[in-house]
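First up is the structure itself, then whatever we jot down about it.
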Amino acid sequence: MKMSEMGITVKKSENFSEWYTQVVLKSGLADYAPIKGCMIFREHSYAIWEKIQEIFNKKIKEKGHKNVYFPMFIPESFLKKEAEHFEGFVPEVAWVTTGGNSKLEERLAVRPTSETIMYVTYAKWIRSWRDLPIKLNQWCNIVRWETSATRLFLRTREFLWQEGHTAHATEEEADTEVMEILNIYRDLMENYLAIPVLAGKKTEKEKFAGALYTTALEALMPDGKVLQMGTSHNLGQNFAKVFDIKFIGEDEEEHYVWQTSWGISTRMIGGLVMVHGDDKGLVLPPKITPVQAVIIPIPYKNVDTESIMRKANEIFEKLQKNGISVVLDDRAEYTPGWKFNEWELKGVPIRIEIGPRDVKEKQVTLARRDTSERLVVKEEKTVDTVTKLLEEIQNTLFNKAKKFLEDHTTTVKTFDEFKEALKKKGGFIRACWCSSPTCEEKIKEETGATIRLLPFEKEKLFSNCVCCGGEGKEVVYFGRAY
RNA sequence: GGGGCUGUCGGCUAGCUUGGUCUAGGCUUGGAGACUCGGGCUCUCUAGACCCCGGUUCAAAUCCGGGCAGCCCCA
């Protein structure tokens with residue numbers, strides 16, 4: 001096959017949408033399922049997902065959370081108990097109405113989120129303050145019947161996520177939990193996925209249906225649109241009251257619990273593709289990639305292939321012993337050039353070439369995926385150099401994305417400036433807002449941009465409301481969201 | 001949400017305007033073999049397709065309707 005057909009045939013800068021679709025399909029991350037809006041998470045993306053699970057599980061288990069699994073079916077009556085929650089989710093709920101040949105007496109929702117099914121049970125489990133806190137998490141699939149255009153990873157009718165659900169004795173504890181989780185998310189995104197994020201609170205309009213308040217992390221994509229990467233909600237006592245989750249406190253009085261819920265999904269993988277990928281395909285950060293380095297032997301006719309393979313194996317073992325996830329690509333049926341392209345498409349951070357020249361000089365040739373730089377190092381320095389290089393690549397990717405985010409955050413004082421900045425650059429628009437939902441709505445209608453975040457720490461006001469010109473009450477971040 | 005468009009071997013596609021030459025061509029991949037290998041090398045043999053349902057017609061990959069699935073653009 002010609003290179004142009006097998007690799008990515010469109011430039012990231014020229015047609016971003018198509019580039020994205022091609023990278024996802026051709027790198028082997030995902031494929032379409034024969035059901036509208038549904039996708040197949042192939043080995044490559046599932047391995048990344050497992051990596052995310054590994055990192056996140058470790059962090060929450062250290063904090064005392066435990067994993068569980070609740071049913072995927074939710075009786076309609078449960079879902080309806082919290083009115084705002086139901087209203088929020090019902091437009092995209094998939095329903096089960098028949099079982100075998102008989103119609104169900106009560107239809108069952110395929111979970112769009114698990115608050116209700118879990119909290120019915122929480123009510124049963126919680127009696128005394130000694131039962132608190134409850135800190136459970138589950139990894140599962142979620143169905144939301146999207147009607148608008150679907151996109152691999154970014155908007156699909158079924159996706160994978162983790163959802164944490166905690167119950168606490170006090171409001172303060174719930175507040176703390178919300179922030180602690182948000183910080184874990186931020187750590188995961190910035191230090192592992194190498195995707196910088198802005199953190200803050202959602203407006204009333206944008207908050208999770210049924211929550212007291214929602215906090216979120218938002219990342220900026222190269223096309224100037226904003227991707228919500230994770231949310232952490234304080235549910236207050238809203239669900240406790242309708243599900244009757246009460247406990248007898250140390251004060252011997254009856255109290256409703258305070259709850260939180262939070263989640264991140266496979267959508268982040270879409271972010272990973274968009275933020276770091278290039279015209280050759282995926283570029284994966286070393287701390288999240290399933291394969292950190294690939295060794296490609298370069299055999300020649302009339303040379304000692306055996307010594308090349310022996311050395312490739314030695315280096316493979318050495319790297320593996322040092323905790324580097326490495327693959328030795330010794331397939332005889334593909335040429336080295338073919339392999340180079342394939343591994344680049346898949347985003348592997350470091351390639352190690354070992355040919356006759358290297359054997360002769362007791363060296364290896366390294367190539368980094370992010371910059372295409374090649375360097376030759378002495379054989380005994382391989383492990384050190386690879387380790388250092390991995391770290392460097394991780395940092396380079398993050399810094400590059402960080403700079404992009406900063407360069408695409410524009411402060412504006414007037415609505416005209418707002419529109420111009422959004423049109424020209426996209427990204428985050430920093431502006432003063434009068435706190436009225438009317439202005440929030442008007443801006444959305446006229447520009448398509450929504451308030452992505454209210455910063456946790458109020459920033460200094462610098463103008464009147466960007467929309468109505470009335471008194472500015474707070475500085476907020478707008479953006480067009482995915 | 002609105003608009004444009006697409007569906008042919010595993011992948012990329014030619015053919016569709018003007019129905020018959022299509023027993024559907026090419027490239028690539030898969031299988032067998034040879035030859036190679038520092039950027040998708042080359043050769044031989046071999047396998048492999050008109051999304052589904054209906055309509056028009058003597059005749060449909062081609063025209064029409066519906067369905068299913070997908071893409072792109074704008075909001």
**OP:** Return the distance in nm (one decimal) between the two label points of a simple spin-label model at residue A:380 and residue A:150, each offset 7 Å from Cα along Cα→Cβ.
**Re:** 5.7
Subject >> Accessible area in the full protein assembly, largest first, 1.4 Å probe, for A:84, A:306, A:342 >> reply: A:306, A:84, A:342
**OP:** Measure off, as a whole percent, the carbon and sulfur share of the 1.4 Å-probe accessible area of chain A, all protein chains present.
**Re:** 50
**OP:** Can you list which of the trypsin sites (Lys or Arg not before Pro) found in region A:37-70 are DSSP loop residues with at most 15 other C-beta atoms within 10 Å?
**Re:** A:42, A:63
**OP:** Using the Karplus curve 6.51 cos²θ - 1.76 cosθ + 1.60 with θ = phi - 60°, work out ³J(HN,Hα) for each residue of region A:458-473 in order, rounded to whole Hz, and write x for Gly and Pro.
**Re:** 4, 8, 5, 5, 9, 6, 6, 4, 5, 9, 8, x, x, 4, x, 10
**OP:** Whenever you get a sec, line up A:252, A:105, A:76 from highest to lowest accessible area (probe 1.4 Å, protein heavy atoms).
**Re:** A:105, A:252, A:76
Subject >> Sequence-distant residues sharing a close amide H with residue A:327 (under 5 Å, placed H) >> reply: A:293, A:294, A:295
Subject >> Rg over Rh, two decimals, region A:115-159 (C-alpha only, Kirkwood Rh) >> reply: 1.22
**OP:** With a Förster radius of 30 Å, plug the Cβ-Cβ distance of residue A:413 and residue A:204 into 1/(1 + (r/R0)^6) and report the FRET value to the nearest 0.05.
**Re:** 0.75
Original post:
What area, in nm² and to one decimal, does the C-alpha convex hull of region A:10-143 cast on average over all directions?
Top reply: 12.5
Original post:
How high is the relative contact order of chain A, in percent, counting Cα pairs under 8 Å that sit 6 or more residues apart?
Top reply: 14
Original post:
Long-range amide H contacts for residue A:411: which residues qualify at under 5 Å (H placed 1.01 Å from N, peptide plane, sequence gap of 5 or more or a different chain)?
Top reply: A:430
Original post:
Which of the residue pairs A:124/A:202; A:311/A:346; A:81/A:225; A:26/A:423 have a Cα-Cα distance greater than 27 Å in the structure shown?
Top reply: A:124/A:202; A:81/A:225; A:26/A:423
Original post:
Tell me, what HN-Hα J-couplings in whole Hz come from the Karplus equation 6.51 cos²θ - 1.76 cosθ + 1.60 at θ = phi - 60° for each residue of region A:15-23, using x for Gly and Pro?
Top reply: 9, 4, 4, 5, 4, 4, 4, 4, 4
Subject >> Probe 1.4 Å, protein heavy atoms only - accessible area per residue of chain A in square angstrom >> reply: 46
Original post:
What is the Cα convex hull volume of region A:145-194 when expressed per residue in Å³?
Top reply: 120
Original post:
Taking a temperature of 4 °C and a viscosity of 1.567 mPa s, what whole-number D in µm²/s does Stokes-Einstein yield for region A:83-164 with Rh from Kirkwood over alpha carbon pairs?
Top reply: 86
Original post:
For a paramagnetic label modelled at 7 Å from the Cα of residue A:254 toward its Cβ, which residues of region A:126-161 fall within the zone defined by backbone nitrogen distances under 13 Å?
Top reply: A:127-128
Subject >> Total charge dipole magnitude, region A:3-276, about the Cα centre, Cβ charges on Lys, Arg, Asp, Glu only, Debye to nearest 20 >> reply: 900
Subject >> Inter-label distance, nm, simple model (7 Å from Cα along the C-beta direction), residue A:458/residue A:425 >> reply: 2.6
Subject >> Value of Rg to Rh for chain A (Rh from inverse mean 1/r over Cα pairs, i.e. Kirkwood) >> reply: 1.02
Subject >> In nm, spacing of pseudo-spin labels at residue A:320 and residue A:90 (7 Å Cα→C-beta vector) >> reply: 5.7
**OP:** Divide by every residue of chain A the summed helix terms, -39500 (n - 2.57) for each DSSP H run of at least 4, and state the resulting mean residue ellipticity at 222 nm, rounded to the nearest 500 deg cm²/dmol.
**Re:** -11000 deg cm²/dmol
Original post:
From the Cα gyration tensor of region A:410-479, with a ≥ b ≥ c the square roots of its eigenvalues, which class applies: rounded if a/c is under 1.5, or else prolate if a/b is larger than b/c, or else oblate?
Top reply: rounded
**OP:** List every residue whose amide H lies under 5 Å from the amide H of residue A:39, counting only residues 5 or more places away in sequence or on a different chain, with H placed 1.01 Å from N in the peptide plane.
**Re:** A:33, A:158
**OP:** Pop the C-beta distance of residue A:373 and residue A:279 into the FRET formula with R0 = 25 Å and round what comes out to the nearest 0.05.
**Re:** 0.95
**OP:** Compute the distribution of all C-alpha to C-alpha distances in region A:293-389, in bins of 5 Å from 0, and list the percent of pairs in each, rounded to whole numbers.
**Re:** 3, 14, 28, 27, 20, 8, 1, 0
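The values are calculated or read from the model by the stated rules, or taken from the named source; none is laboratory data. Quantities reported herein were computed from a predicted structural model and do not represent experimental measurements. Every residue, glycine among them, receives a Cβ derived from its backbone with ideal geometry; neighbour counts consider all protein chains shown. With ligands, DNA and RNA removed, areas are computed over all heavy atoms of the protein, side chains included. Shrake-Rupley method; radii C 1.70, N 1.55, O 1.52, S 1.80 Å.
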